[in-house]
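A short write-up of the structure that comes next.
The values are calculated or read from the model by the stated rules, or taken from the named source; none is laboratory data. In this text the structure is predicted, and so the values were computed from the model without any measurement. In this analysis, Cβ positions are derived from the backbone assuming ideal geometry, glycine residues included, and neighbour counts consider all displayed protein chains. Ligands, DNA and RNA are stripped out before the accessible areas are found, and what is left, the full protein with its side chains, is counted by its heavy atoms. Shrake-Rupley method; radii C 1.70, N 1.55, O 1.52, S 1.80 Å.
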Amino acid sequence: MPRLEDLNPVQRAAVEATDGPVLILAGAGSGKTRVITHRIAYLVSRRKATPDEILAVTFTNKAAAEMKERAARLAATAEAPAWVSTFHAACARILRAEAPLLGFERNFSIIDEADSLALLRRLLEEARLPEAGHAEAVRARLEQAKNDGVSPEELAQGAVDPRQAQLAEIYRLYQQRLRAANAMDFADLLLMTCELFRARPEVLARWQARARYLLIDEFQDTNRSQYLLVKALSAQSGNLCAVGDEDQSIYRWRGADIRIILDFERDFLAARVFALEQNYRSSKMILAAAYAVIRNNRERKPKRLWTANSAGEPVRCFTGVTERDEANFIAREIERLVEAGLARPSEIVVFYRVNAQSRVLEEALSARRIPYVVVGGLRFYDHREVKELLAYLRAALNPRDVMSLGRALAAPPRGVGAKTLALAGRVAARDGLSPLEALAKLEGAAHVPLGAAREAAAFSRWMVGLGARAPAAPVQALIEEVVSRSGFLEYLDRQADGAARRRNLAELFSSAAAFDAEHGPGGLESFLERAALAADGRPPEETGGRVALMTLHTSKGLEYRAVFMAGMEEDLFPHARSAEEPTELEEERRLCYVGMTRARELLYLTKTLSRELYGQRSESSPSRFLAEIGDDLMVRLGAVPAARLRERPAAQTYVDYADGQLPQPVGGGLAVGSRVVHHSFGLGVVRRLEGRGENAKAWVSFDGRGLKLLMLKFAALRPVAD
């Protein structure tokens, strides 16, 4: 038996409620992974289920691996561990077993976003549709349809205008191309599994038995297709445990539907609900500030986090004149925290709303030699040379995968281009061959040079042989054969960044060797599937002792001793597009709440009076989220009470944080807060003074004209009496 004494009373009750529908509302830092893993171990130890009757689903490979390892350790059984997986990996496993029932072969390829876009671009160009040139937008709409569980036929039936009818036709053609290539995209993994379960009740019954106890983590992030899968798999046993927090639903743009968790009790009438409200992560001050923000949302269930932790420090709110002031403050404060031993660099994160904010932050950290890493960059399996090499293996394993075949033929180039490949496709259709096999039949074909035809035939013979050897060969040996036979190293060396690409190739060898050691020879299909589904990239906490910089959307599941949230300004955070849409605004508020609750001990919220973004400078207004936090929870840095300055009482003025003192008046009696007049810009207020003598400058906020930086020796500013 797992030690239930280690759980708090609500956690324990949630673990022991084994049968029927259960909703666990797991607030930030409330120990939800502990509850899920104890629940799995409890089911096994009480013999409610064998491990192979339990399916636990979460949203990242990393979380799935951690959950599986912890549950197995708690269960302390010699039996095989429970099935713990992501949604996409679970669906891929089901489809590998059942693919022929849908008209696919079991060795179907899983294409990524880049290949999906390339396929759509070709389709739009060939069909001469008005949507040509907008493949990204088309792909987003098709992905949304799939996330909603809508097929091409259903989309066509529901079309209300010619544009929607055309989209449905593009969807039909796109799916046709994928099927011809024996391939699926990521969203297809969910959609095809839904279709399989709808069409074949006997297949559904088989997998319902395999998932007699179903646990879904991060339930607030499920989309419609995922919900349909959950409902279908749990329909027979009724044993569904959903774990989530609607206050942390931040992926609407990815298809997540918050109504799914909000309507759980309506959809499952016998549901028991457990609210995990004790937070083990943050201080009382941080939790109070986060609650002051999130309580303003309407679409939420009643709950409030509490903690036995100390009161801690109040939230620090800094205002700079420009984004450089903000970045310099953040860099200085990080330097101070590290030097004082209050936090290690790896315990500090800087969050921002949009990627464009990172540049000035990186410059400020670099200037102070503070090591940092920008999280969320290119994933390992997205590097071009990795994708190119794996394309050989995909094409050998799935000879109908024309997308991988084309990529392999071009790396290095062999004189077999898109036209020759298209001709091979026509020969394949005529003679009942795969495109790979048809490449060997092009000698004597019109418009194909003899050299290209012979090159294509040699490539075909080699790849067909490689595919035949794959089921019994170690993955590393197959990669080594591709590299040696293809001239891949010489191809990399001809590129300017060849050394870096060689390092990625070495990393791929290491990955294959580790896979072979774990699985033995003959695991190519599993290796390629793992590469296709690898959605985590580098785990953010593994930053090598460096400060982490990342967007707020990357923050889920993480925690840090000190958190900086930059850009707390209207139209940036909340984003401008949420201004007129209450649903969008509530998601922005949830995003703010998620960022704030990543902090254990120190939370900094920073903003500016003026920000340059995408080449445009404009005045900034404080984020409404700051106004929702009471002054009793927040200390303002850089702000000087208006009563101390010669300015209208309604306005606030700011000073440089470096010394915390008001600058002394300079020539003409100007000081921060002085009202002045300019011959072109009119009336304004001095916000900041810099430099001395000939180099003296002033930042002045002019009524209706914005913030301007002026050299005083040229500006001819005149003070205006109150």
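Observations on the structure shown:
- Any hit, the stretch 117-129, residues being over 28 Å from L405 (Cα atoms) and open to solvent by 60 Å² or more (accessible area, probe 1.4 Å): no
Each row is one residue, and each column tells you yes or no for (1) surrounded by fewer than 18 Cβ atoms within 10 Å (Cβ to Cβ); (2) modelled with pLDDT of 90 or more.
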| position | (1), (2) |
| --- | --- |
| T608 | no, yes |
| R611 | no, no |
| G615 | yes, no |
| S618 | yes, no |
| P622 | yes, yes |
| F625 | no, yes |
| G630 | yes, no |
| V635 | yes, yes |
| P641 | yes, no |
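- Checked against the criterion of being touching a residue at least 40 places away in the same chain (Cβ under 8 Å) and farther than 17 Å from V354 by Cβ, the candidates R611, R617, R624 yield just one match: R624.
- Considered as a group, the residues in the stretch 466-514 that are under 28 Å from the mean Cα position of the chain (by Cα) and farther than 15 Å from A531 by Cα include one that is surrounded by the most Cβ atoms within 10 Å (Cβ to Cβ), and that residue is R501.
- With respect to (1) at pLDDT 90 or above; (2) charged (D, E, K, R); (3) closer than 30 Å to R34 by Cβ, the lone exception for E79 is condition (1).
- You will find that of G27, G103, G20, G31, the residue that is under 26 Å from N223 (Cα atoms), open to solvent by less than 10 Å² (accessible area, probe 1.4 Å) and among the small types (G, A, S) is G27 and no other.
- Selection within the stretch 586-606 - among the basic types (K, R) and either under 18 Å from the mean Cα position of the chain (by Cα) or open to solvent by less than 20 Å² (accessible area, probe 1.4 Å) (or both): R589, R590, R598
- Across the stretch 329-346, the number of residues qualifying as open to solvent by 20 Å² or more (accessible area, probe 1.4 Å) and in contact (Cβ under 8 Å) with a residue 12 or more places away in the chain comes to 7.
- Some residue of the stretch 68-79 being β-branched (V, I, T) and buried (at least 24 other Cβ atoms within 10 Å of the Cβ): no
- Failed item in (1) under 28 Å from the mean Cα position of the chain (by Cα); (2) farther than 24 Å from Q220 by Cα; (3) of a type in the set (F, W, Y), with F59 passing the rest: (2)
- Residue, most open to solvent (accessible area, probe 1.4 Å), within the stretch 34-49, restricted to residues that are among the hydroxyl-bearing types (S, T, Y) and at pLDDT 90 or above: Y42
- Test: residue in the stretch 158-176 that is closer than 28 Å to A422 by Cα and in a loop (DSSP other than H, G, I, E, B): no
- Of all residues in the stretch 666-692, exactly one satisfies the criterion of being assigned to a strand (DSSP E or B), among the small types (G, A, S) and either at pLDDT below 80 or surrounded by 14 or more Cβ atoms within 10 Å (Cβ to Cβ) (or both), namely G684.
- Unique residue being in contact (Cβ under 8 Å) with a residue 24 or more places away in the chain and open to solvent by less than 20 Å² (accessible area, probe 1.4 Å) when the list is E277, E326: E326
- Top-ranked residue of the stretch 693-717 - restricted to ones that are among the charged types (D, E, K, R) and surrounded by 12 or more Cβ atoms within 10 Å (Cβ to Cβ), ranked as modelled with the lowest pLDDT: R705
- Some residue of the stretch 439-458 being in contact with a Lys or Arg (Cβ under 6 Å, 6 or more places away or on another chain), open to solvent by less than 10 Å² (accessible area, probe 1.4 Å) and either modelled with pLDDT of 90 or more or assigned to a helix (DSSP H, G or I) (or both): no
- Of all the listed residues (F527, F564), the sole one being open to solvent by less than 20 Å² (accessible area, probe 1.4 Å), outside any loop (DSSP other than H, G, I, E, B), touching a residue at least 40 places away in the same chain (Cβ under 8 Å) and over 30 Å from R324 (Cβ atoms) is F527.
- Checked against the criterion of being in contact (Cβ under 8 Å) with a residue 12 or more places away in the chain, touching an Asp or Glu at 6+ places or on another chain (Cβ under 8 Å) and in a helix (DSSP H, G or I), the candidates L505, L478, L489 yield just one match: L505.
- Some residue of the stretch 232-255 being acidic (D, E), touching a residue at least 60 places away in the same chain (Cβ under 8 Å) and open to solvent by 40 Å² or more (accessible area, probe 1.4 Å): no
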